[in-house]
Amino acid sequence: VAIAMKGSPAIDGKVDEVWEKADSVSVHRPVEDLTTLSKDQMATAQVKFLWDEQHLYALWVVKDSHLSVDHNDDWEQDSVELFLDRNLKRTVFYQYDDAQYRMNYEGQASGQGEGFVWDDLQGASAKTSTGYVVEMSILIPGGVLESGLQMGIEMQVNDNRGGQGRESVTKWNHIEDDS
């Protein structure tokens, strides 16, 4: 379970003080079919969540020693992905409420799914001495968010070390390539 605390950060690629009250979860479990690196070489992340009446916010602090966007496919670049199932139906296909939100270390956003709307995703990124930081703001349509709301979620870090594409994929929970 990942728990979001109430708060509204500035989406600027900087870790605001409001993030201090949120607990982090670790994205470090390799997807074996998509990983050719050792565990100490793979990109991993600590992720925190906040929410307000209309948005879910995610802060990713990614540890990655080799940053690269040297691939035409977004998912093959150094990037983070948030899979969101807003109605928690856990279907094996994308429904109207399901979306995949992606942002690379340079701040380029992409995504897919029945519930993905370009204008719903805002984000910023910044390089750090150990990798990069990504902040995401996702507009949750259809009402006002409130305490106790549950949604399905998965997190993923794609690691491209400058080769032919990603050389590792780490996830938070489900370590198959079918999020």
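The values are calculated or read from the model by the stated rules, or taken from the named source; none is laboratory data. Not measured: the values here are computed from a predicted model. All Cβ positions, even for glycine, are placed from backbone atoms using ideal geometry, and neighbour counts span all protein chains on display. Keep in mind that these areas ignore ligands, DNA and RNA; they rest on the heavy atoms of the full protein, side chains included. Shrake-Rupley method; radii C 1.70, N 1.55, O 1.52, S 1.80 Å.
Brief remarks follow.
- Filter result (open to solvent by less than 10 Å² (accessible area, probe 1.4 Å) and of a type in the set (Val, Ile, Thr)) within the range 141-172: Val157, Val169, Thr170
- Scanning the range 1-37 for residues being modelled with pLDDT under 95, in a helix (DSSP H, G or I) and acidic (Asp, Glu) gives a total of 2.
- Among (1) modelled with pLDDT under 95; (2) open to solvent by less than 40 Å² (accessible area, probe 1.4 Å); (3) among the β-branched types (Val, Ile, Thr) - the single one Val47 does not satisfy: (1)
- Matching residues in the range 75-100 - criterion: being more than 11 Å from the chain's Cα centre (by Cα) and either in a strand (DSSP E or B) or of a type in the set (S, T, N, Q) (or both): Gln77, Asp85, Asn87, Thr91, Gln95, Asp98, Ala99
- When Asp70, Asp40 are checked against the criterion of being of a type in the set (Asp, Glu), without any contact (Cβ under 8 Å) to a residue 60 or more places away in the chain, under 20 Å from Val157 (Cα atoms) and assigned to a loop (DSSP other than H, G, I, E, B), a single residue qualifies: Asp40.
- Number of positions in the range 113-162 that are over 16 Å from Gln77 (Cα atoms) and of a type in the set (Phe, Trp, Tyr): 2
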